[in-house]
Amino acid sequence: MESNIITFASGLRLAHQYVPTVRSVGISILTAAGSCNETVANNGISHFIEHMLFKGTRKRSAFEIVEQIDAIGAQINAFTSKQSTCFYTLSLDHYAERCAEILSDILFESQFDPEETEREKGVVLEEISMSEDDNADVCLDMLAQAYFGEHPLGKTILGPRKNIKQFAREDLIAYIERNYCAESTVISIVGNITTDRAKKLVEEFFEGRFRKANGRDWKDVAHAPKSEFVRKFKDIEQANIAIAMPSYAFADPNDMALMLVNGVVGGGMSSRLFQEIREKQGLAYNVYSYPSTYLRNGTMVLYIGTNVDSVAKSVRSTRKLLDDLHKDGLTRKEFERGKQQLLGAYVLGQENTTTIMRVLAKYALYNDELFDMDAKIRAIEAVTFEQAQQVVRDVYDLSRACVSYVGKQTDADLSALLWE
């Protein structure tokens, strides 16, 4: 498959992969504007803008945007993260230009009508309410805030209600002008589309329309957390427990070893965490772990949803599991199984146009490099047993952990259970 990165005169980049075996084309615009860019006063604005760009342009109403996408059997969507915002389409290959034109229209011609802005505030406030009713989300947001503190990554993506209520049209336009810049934007195009056609598409609809800036400001510095236990008592049936430990940043040389070890520890149904907490002891339905990686920071997160009466037992069991892991490491059998799981996940994931589109954009934006699937497979195959054991020692260290709890009031002191 033909892959490349093309940098245009403005600094805008195209990350492209030609996949002639499919009949689809995915187009994404990934720009470095997320909650990490925000201040306390405008936290939530990146996500709110994501919503507002679908609310009407100079030539299309909000309904016409989605109606015209539906009329060609395509998909359009967007998401906001801590460090970026993404807008994307997926369509049949012969509709790529139509989708690019619509994406260009919402990015550069949105009107931010005051009436639409006020209406959409209600939608986002309902989204915040929905998140507040998801107690796992609340627990994980509290965990991030405890771990990162005043660091930009400690902000929530949705932001507080009071900020949403006060956003005005001029705030949205000013934020876009500061943050939606050519050098900090990658357009990823993947599928049955040649390099020449993809390049022409970017030249016609996007090049020269983003503001040119002097470099990227990621507002992300390496962070060393202090151990902290935060809690929120709510009269709910399930107790939510989350633990975060320092890990590696995005594209660290140990990234594949980290993914392998996570699969063994808590990333799947055969993992130690799943087998011990759910299968052997029956303490939880949801129990898992995952790494979160940012440009200069990373965390390993463990989550357990259990009954309030089982909180102490769940935490003790998790501590013993991690203590044993830190002391003895992985077994050879676990290592080999983890490597095959990771290989399978990468290969199967890359057979999806949307997945390729997203990973190409992310590597180009964060590391200014082309994601190379074959190189990743070689990197997975090259992970050694000793490297995996070093990851265990580096990452799974409860002495550097932060802990969050959301659930009914309990006498269980999670800090004492984990650290004494």
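The values are calculated or read from the model by the stated rules, or taken from the named source; none is laboratory data. Keep in mind it's a predicted model, so treat the numbers as computed, not measured. Here Cβ is always computed from backbone atoms with ideal geometry, including for glycine, and neighbour counts include all displayed protein chains. Accessible surface areas use protein heavy atoms only, side chains included; no ligands, DNA or RNA. Shrake-Rupley method; radii C 1.70, N 1.55, O 1.52, S 1.80 Å.
Under 5 Å between amide H atoms, partner at least 5 residues away or on a different chain: which partners does Asn286 have, H built in plane at 1.01 Å?
For Asn286, the qualifying residues are Gly305.
Filter the cross-link list Lys232/Lys313; Lys280/Lys408; Lys155/Lys376 down to pairs whose alpha-carbon distance in this structure exceeds 28 Å.
Correct reply: Lys155/Lys376.
Dipole magnitude of the range 302-343 about its Cα centre, charges +1 at Lys/Arg Cβ and -1 at Asp/Glu Cβ only, in debye to the nearest 20?
80 debye
Mind pulling the angle between the C-alpha long axis of helix 114-133 and the longest principal axis of the chain? Nearest 10 degrees, somewhere in 0 to 90.
The two axes meet at around 20 degrees.
As I understand it, the value is the acute angle between the Cα axis of helix 373-382 and the longest principal axis of the Cα atoms of the chain; what does it come to in degrees, rounded to 10?
Tilt relative to the chain: about 20 degrees.
Label-point separation (nm) for Ile173 and Glu132, each offset 7 Å from Cα along Cα-to-Cβ?
The modelled label-to-label distance comes out at 3.2 nm.
Over 20 Å, how big is the tail of the calculated P(r) for the range 219-373, in percent of all Cα pairs?
So the pairs more than 20 Å apart make up 58 percent of the total in the range 219-373.
Could you calculate the FRET efficiency of Asp70 with Glu420 from 1/(1 + (r/R0)^6), where r is the beta carbon distance between them and R0 is 60 Å, rounded to 0.05?
0.55
Angle between the Cα long axis of helix 353-367 and the longest principal axis of the chain, 0 to 90 degrees, nearest 10?
The two axes meet at around 80 degrees.
In terms of Cα to Cα distance under 16 Å, which lysines are near enough to Lys55, apart from those fewer than 8 places away along the same chain?
Filter leaves Lys121.
Given contacts defined as C-alpha pairs under 8 Å and at least six residues apart, what's the relative contact order of the chain, whole-number percent?
Answer for the chain is 23 percent.
Could you give the dipole magnitude of the range 1-85 about its Cα centre, charging the beta-carbon of Lys and Arg +1 and that of Asp and Glu -1, in debye to the nearest 20?
The dipole of the range 1-85 has a size of about 140 debye.
For the chain, compute Rh as the Kirkwood radius over C-alpha pairs and then the Stokes-Einstein diffusion coefficient at 25 °C and 0.890 mPa s; write the answer in µm²/s, rounded to an integer.
107 µm²/s
Counting other Cβ atoms within 10 Å, keep those with at most 13, restrict to DSSP loop, and tell me which GluC sites (Glu not before Pro) in the range 137-199 are left.
Listed in order of number, the matching sites are Glu150.
Can you run phi through the Karplus equation (6.51, -1.76, 1.60; θ = phi - 60°) for the range 285-295 and list ³J(HN,Hα) in whole Hz, with x for Gly and Pro?
8, 9, 8, 6, 9, 7, x, 10, 10, 10, 4
Can you compute the charge dipole magnitude of the chain about its Cα centre, using +1 on each Lys and Arg Cβ and -1 on each Asp and Glu Cβ, nothing else charged? Give it in debye, rounded to the nearest 20.
Once rounded to the nearest 20, the dipole reads 600 debye.
Excluding residues fewer than 8 places away in the same chain, name every one of the aspartates and glutamates whose C-alpha is closer than 18 Å to that of Lys165.
Glu38, Glu50, Asp113, Glu115, Glu116, Glu118, Glu120, Glu126, Glu127, Glu132
Determine the percent antiparallel among the DSSP beta bridges restricted to the chain, to the nearest 5.
So the antiparallel bridges in the chain amount to around 80 percent.
State the percentage of accessible surface on the chain attributable to carbon and sulfur atoms; use a 1.4 Å probe and exclude ligands, DNA and RNA.
49 percent
Add -39500 (n - 2.57) for each DSSP H run of 4 or more in the chain, then divide by its residues: what number comes out at 222 nm, to the nearest 500 deg cm²/dmol?
Computed mean residue ellipticity for the chain: -13500 deg cm²/dmol.
May I ask which residue of Ser415, Ser310, Leu321 lies farthest towards the positive end of the charge dipole of the range 277-420, with charges of +1 (Lys, Arg) and -1 (Asp, Glu) on Cβ and the Cα centre as origin?
Ser310
I'd like the distance between the alpha-carbon centres of the range 127-161 and the range 201-273, rounded to an integer number of Å.
Computed from Cα coordinates, the inter-centre distance equals 13 Å.
Just the number please: accessible area per residue for the chain, 1.4 Å probe, all protein chains included, in Å².
43 Å²
Averaged over all directions, how much area does the convex hull of the C-alpha atoms of the range 340-420 cover when projected, in nm²?
Value for the range 340-420: 8.9 nm².
How many nm is it between the label spots at Tyr285 and Lys200, if each spot is 7 Å from the Cα in line with the beta carbon?
5.3 nm
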